[in-house]
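This report refers to the structure that appears directly beneath it.
Please treat every number below as a calculation from the coordinates, not as lab data. Note that the structure is a prediction, hence the values are computed from the model and not measured. FYI the Cβ positions are ideal-geometry reconstructions off the backbone, even for glycines, and counts take in every protein chain you see.
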Amino acid sequence: MQITKIQTARDTLERWHQHPTEHFDQGVESNYPMIVLNPKITYQSHIGFGGAFTEAAAYTFFELSVDQQHEVIQKYFSKEGLNYTMGRTAIHSSDFALGNYTYVADHDETLNTFDLSREDQFVVPMIKKAMVYQKKLKLLASPWSPPAWMKTNQEMNHGGSLLAKYRQTWANYFVKYLSEMKSRGIPFWAVTIQNEPQAVQTWDSCIYSAEEERDFVKDYLGPTLHTFDPELKILGWDHNRDIIIPRANTMLSDQKANKYLWGIAHHWYVSEAFENLSIVKSLFPDKHLVFTEGCIEGGPKPHAWNTGERYGRNIIGDFNNHVEGWIDWNLILNEEGGPNHVKNYCDAPILYDRKTKEIIINSSYYYIGHFSRYLKEHAKRISSVMNLPQGVYSVSYQNPDQELIVVIQNETSNHHSISLVLDSKSKVIHLEPHSIVTLIIN
């Protein structure tokens, strides 16, 4: 079998650089740390990668020239780029919007005033451009807050909770959104119940206890969405890994809620306790795990290298713990890390400098690509037994066409050599400092 090595390394300036094909050597080289592959033992299937079509991302996107717009869409959604097959939208405003907004007039419980025309300005056209490359884009929708009049604090920001009397109205609101988007040729694959239901934020936010989220999905949202589209997936939690176990357990231990919940979504903030994901999977083996948001906070970090390494480490950690799909946050932001209506500026894999008119490609873009360009839908993670040095990480898959994909990340400042073993043959793989490699074995 032959091995093709694709490498990105900080110090060599290689970006997805393909090295000459090599072959396995006879026998097992055991004088180095090892990765032993066993394709006969398989785990979860791969769904895909994607990013978020926030109003901020779409607004920034349409500040680009037409040629630059084409370049950005191609970089994300074409097979030559990141080959994204997934996406996320906000049901009305999030912090990455130009301001708080909803789709209905205040106190319109009938939702007769529902109007999606704001999304027709930026978000819908950007999604349509992506769908030129990915006609069956798997889209997930998440709300950050119900309209202010549906909440205990009577505002969209600063937490508050959904008033009990508006639970059915809010469930109907989901259907209105999904129906209106579908009428525009944009069907949805999944929804989450609430973005970050444990975070009181200065921006759009809404608090649910585990019991409130469970009861909302089993008595209102689940039945309502099932009537609208029985194939639509519902994911709970949509927050960090730190307390994902008790949250998932409360929801999924309830038989009725379990029936409506396809899986559990999570973010990367606060915690890299990847093992918590495996515990959830062990408790509920028929449920699915999807990463739905992560970004570098604290403003843009153009050309930083550690930001890409955070992406690679989190993707590997998630995938080694049964995660099936991985959705990044904003697809593109400006040089401030916005727009953001409360100045919660962040980084993105692609930035646009409005002063110089320059597109900036960050290290995170290349790190994501080491997975998204080579893992095909329905690829199966395979057993890979490892004794790697601290700061070196790896995950392995088998694509539907039987080719093996092994990704190895070296976060250290040292060169490392790793013995890759398959069927009593081995190959020593040399890793540059601060590098990531994808090995294609066929």
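Given N residues in the stretch 350-403, what is Rg(Cα) / (2.2 N^0.38 Å)? Mind dumping the intermediate values first?
On the way: Rg = 16.6 Å, N = 54, 2.2 N^0.38 = 10.0 Å.
The reported ratio for this selection is 1.66.
Taking the number of Cβ atoms within 10 Å of each Cβ as an exposure proxy, the fewest-first ranking of Glu411, Glu358 is Glu358, Glu411. The charge dipole of the stretch 280-334, taken about the Cα centre with unit charges on the Cβ atoms of Lys, Arg (+1) and Asp, Glu (-1), comes to about 120 debye, rounded to the nearest 20.
Our Cα-only numbers for the stretch 61-143 put the radius of gyration and Dmax at 15.0, 48 Å. For Glu377 and Asn153, a Förster radius of 51 Å and the Cβ-Cβ distance give a FRET efficiency of 0.75, rounded to the nearest 0.05.
May I ask you to derive the relative contact order of the stretch 349-427, considering only C-alpha pairs under 8 Å and at least 6 residues apart, and to give it as an integer percent? Kindly include the intermediate steps, with their values, before the conclusion.
Working: 84 pairs, mean separation 14.9, N = 79.
Relative contact order, the stretch 349-427: 19 percent.
In this Cβ point-charge picture (+1 for Lys and Arg, -1 for Asp and Glu), the stretch 47-374 has a dipole of about 780 debye about its Cα centre. Stokes-Einstein, applied to the Kirkwood radius of the chain over Cα pairs at a viscosity of 1.306 mPa s and 10 °C, places its translational diffusion at 71 µm² s⁻¹. Restricting the trypsin sites (Lys or Arg not before Pro) of the stretch 372-402 to loop positions (DSSP other than H, G, I, E, B) with no more than 10 neighbouring Cβ atoms within 10 Å leaves nothing.
Checking the Cα-Cα distances for Lys135/Lys233; Lys79/Lys427; Lys256/Lys380 against a 25 Å cut-off, the pairs over it are Lys79/Lys427; Lys256/Lys380.
From the C-alpha gyration tensor of the stretch 309-442, pull out the three semi-axes of the equivalent ellipsoid (sqrt of 5λ each), sorted largest to smallest, in whole Å. Mind showing how you got there, number by number?
Values: eigenvalues 205, 58, 33 Å².
Equivalent ellipsoid semi-axes, largest first: 32, 17, 13 Å.
Need the full-extension length gain, Arg15 to Asn38, defined as separation in residues times 0.36 nm minus the C-alpha distance. One decimal, nm.
Details: separation 23, 0.36 × 23 = 8.28 nm, distance 2.89 nm.
Full extension of this stretch gives 5.4 nm more.
In this simple spin-label approximation, Asp25 and Ala304 carry label points 7 Å from Cα along the Cα→Cβ vector, and these lie 4.0 nm apart. A simple spin-label model places pseudo-atoms 7 Å from Cα toward Cβ; at Val342 and Glu297 they are separated by 1.1 nm. With N counted as the residues of the stretch 116-200, its alpha-carbon radius of gyration over 2.2 N^0.38 Å works out to 1.22.
Between Met386, Met126, Met156, the GNM of the chain built on Cα springs shorter than 10 angstrom shows Met386 fluctuating the most.
For the stretch 261-387, the calculated P(r) over all alpha carbon pairs, in 10 Å bins from 0 to the bin holding the longest distance, is 12, 39, 31, 15, 3, 0 percent.
Listed by Cβ neighbour count within 10 Å, with the fewest neighbours leading, Leu137, Leu116 appear as Leu116, Leu137. Projected label points at Thr4 and Ser253, each 7 Å from Cα along the beta carbon direction, are separated by 4.9 nanometres.
Could you put His19, His341 in order, starting from the residue whose Cβ has the fewest other Cβ atoms within 10 Å? Don't skip to the end; give the middle numbers.
Working: His19 14, His341 21.
The order, fewest Cβ neighbours first, is His19, His341.
May I ask which residue of Pro223, Ala273, Thr192 lies farthest towards the positive end of the charge dipole of the stretch 172-298, with charges of +1 (Lys, Arg) and -1 (Asp, Glu) on Cβ and the Cα centre as origin? Ranked along the dipole, the leading option is Pro223.
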